[in-house]
Amino acid sequence: MDKQDLRGMAALITGGGTEVAGAVALALAHAGVQVGLCGPQADLLELAASPIRSMGGVCLALESELDSLEAAEAARDQALAVFGRLDLLIMVSPFWAGGLIHNHSVKAWDAVLNANLRQPFLAARAVLPVFRAQQHGEVMAIGSDSALGFYAQDGAFGVAMHGLSALMELIRLENAESGIRTHILSPGVAASFDADFTGKPTLSVSHVAEWAVWVLTRPPHLRGSGPILI
């Protein structure tokens, strides 16, 4: 079966200040994708964009809190203006915070649900009309293995990951007939390097990026599935 060729496509990636988002952006750039990294911290966006630009790739740094539909639509429109197209939406969960439910920090709860569930909804809400109009697109969520079980003290993050899986399933059900595929990657804790201090192999952000590219290059007629544990 022929793989899907990503060359010339354009991607919008949320959680742009994270190592995972930076690694995915770099891997996609190597595959010929134009990349827009969206996140709240300009310095981290530029840090991730630098190696892509150094290799001759295209990377747009989109500083945004993604705190409203208008902000998500503005990021979408900036990407479309620069790239002239949009094919991939990749939503990276930016951080963990948890606690026992009976004394969970309300501030942390709100921040985690906002970053890991509300922002993906806003990004999808902004981009899906474009994908539906063009009758193609890929929506990927990169979350956590917390979506596949329940763990004490996972708190808001566990709730957000289960909610993210539900959101992605609804997107799949409502948009499959419009040529839109959905994918969920559920990695464990990803380290910066491929081995720990003893030399033992470990899951790294580059491994997560490799998985993301592999999934996106599956033949277009293959439908996405539920969370893929990495």
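Structure data summary
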item: Qualifying residue in the stretch 168-177 (condition: at pLDDT 95 or above and not in a helix (DSSP H, G or I)); result: no
item: Unmet criterion (only one of (1) modelled with pLDDT of 95 or more; (2) farther than 17 Å from ILE184 by Cβ) for LEU117; result: (2)
item: Residue under evaluation VAL82, criteria (1) closer than 23 Å to VAL205 by Cα; (2) of a type in the set (Val, Ile, Thr); (3) more than 12 Å from the chain's Cα centre (by Cα), criterion not met; result: (1)
item: Members of the stretch 100-126 found to be touching an Asp or Glu at 6+ places or on another chain (Cβ under 9 Å) and either part of a loop (DSSP other than H, G, I, E, B) or crowded, with 21+ Cβ neighbours inside 10 Å (or both), listed by number; result: GLN119, LEU122, ALA126
item: Hey, GLU138 exposed (fewer than 14 other Cβ atoms within 10 Å of the Cβ), closer than 28 Å to LEU222 by Cβ and acidic (Asp, Glu) or not; result: no
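Per-residue answers, yes or no, for (1) surrounded by 15 or more Cβ atoms within 10 Å (Cβ to Cβ); (2) among the β-branched types (Val, Ile, Thr); (3) at pLDDT below 95:
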{"position": "ILE180", "(1), (2), (3)": "yes, yes, no"}
{"position": "HIS183", "(1), (2), (3)": "yes, no, no"}
{"position": "GLY188", "(1), (2), (3)": "no, no, yes"}
{"position": "ASP194", "(1), (2), (3)": "no, no, yes"}
{"position": "LYS200", "(1), (2), (3)": "no, no, yes"}
{"position": "TRP214", "(1), (2), (3)": "no, no, no"}
{"position": "PRO219", "(1), (2), (3)": "no, no, yes"}
{"position": "SER225", "(1), (2), (3)": "no, no, yes"}
{"position": "LEU229", "(1), (2), (3)": "no, no, yes"}
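The values are calculated or read from the model by the stated rules, or taken from the named source; none is laboratory data. What you see is a predicted model, and the numbers here were worked out from it, not measured in a lab. Because the Cβ atoms are built from the backbone with ideal geometry, glycine has one as well, and the counts that use them run over all protein chains shown.
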